[in-house]
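Note sheet for the following structure.
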């Protein structure tokens, strides 16, 4: 079953803003609440390679990428970077702890990675900077193609 276009666009907006807010909060937490020194120390304690560089990468990708998702700007690029960031967290830190987040497990990072990958594939939708600039989702291109093929 294919969703009506208006509903699909609304769902893309809600997914982008929801995921973007979580990523933005986590990125800002690394910069503001913890500070980059403490974030790098935490990464080192978890065995993350190149902890200072990894901490900066994670903080920047989560902060800038989260804001970009909220706006729907360069969505496929930032969504893919965010997914890569979460897959790194999954493999390097959370996977050995099991599923549950209460045990430092991977359920949150897996959900965030999956959501980011879905947005990378679907695009930002029309209620976005990408949509305003004409870089709409793959479905928008399909709708245009269908119109051309149908003689509209």
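The values are calculated or read from the model by the stated rules, or taken from the named source; none is laboratory data. Keep in mind that what you see is a predicted model, and the values were worked out from it rather than measured. Positions of Cβ are backbone-derived with ideal geometry, glycine not excepted, and every protein chain shown enters the neighbour counts.
Can you tell me which residue is surrounded by the fewest Cβ atoms within 10 Å (Cβ to Cβ) among those in region 84-121 that are in contact (Cβ under 8 Å) with a residue 40 or more places away in the chain and over 18 Å from the mean Cα position of the chain (by Cα)?
Top of the filtered list is 92.
Can you confirm whether residue 37 is assigned to a helix (DSSP H, G or I), surrounded by 15 or more Cβ atoms within 10 Å (Cβ to Cβ) and modelled with pLDDT of 95 or more? Can you show your working first?
Details: assigned to a helix (DSSP H, G or I): yes; surrounded by 15 or more Cβ atoms within 10 Å (Cβ to Cβ): no; modelled with pLDDT of 95 or more: yes.
Against the criterion (assigned to a helix (DSSP H, G or I), surrounded by 15 or more Cβ atoms within 10 Å (Cβ to Cβ) and modelled with pLDDT of 95 or more), residue 37 does not qualify.
When you check residue 9 against the structure, is it assigned to a helix (DSSP H, G or I), surrounded by 13 or more Cβ atoms within 10 Å (Cβ to Cβ) and more than 21 Å from the chain's Cα centre (by Cα), yes or no? Spell out how you get there, then give the answer.
Details: assigned to a helix (DSSP H, G or I): yes; surrounded by 13 or more Cβ atoms within 10 Å (Cβ to Cβ): yes; more than 21 Å from the chain's Cα centre (by Cα): no.
It is false that residue 9 is assigned to a helix (DSSP H, G or I), surrounded by 13 or more Cβ atoms within 10 Å (Cβ to Cβ) and more than 21 Å from the chain's Cα centre (by Cα).
Between a first residue in region 7-22 that is at positive phi and in contact (Cβ under 8 Å) with a residue 60 or more places away in the chain and a second residue that is exposed (fewer than 14 other Cβ atoms within 10 Å of the Cβ) and not in a helix (DSSP H, G or I), which pairs have beta carbons less than 9 Å apart while being 6 or more apart in sequence or on different chains?
Close Cβ pairs (under 9 Å, with a partner that is exposed (fewer than 14 other Cβ atoms within 10 Å of the Cβ) and not in a helix (DSSP H, G or I)) do not exist here.
Can you spot a residue in region 54-71 that is crowded, with 17+ Cβ neighbours inside 10 Å and not in a helix (DSSP H, G or I)?
No, region 54-71 contains no residue that is crowded, with 17+ Cβ neighbours inside 10 Å and not in a helix (DSSP H, G or I).
Is at least one residue of region 53-75 touching a residue at least 40 places away in the same chain (Cβ under 8 Å) and more than 20 Å from the chain's Cα centre (by Cα)?
Within region 53-75, none of the residues are touching a residue at least 40 places away in the same chain (Cβ under 8 Å) and more than 20 Å from the chain's Cα centre (by Cα).
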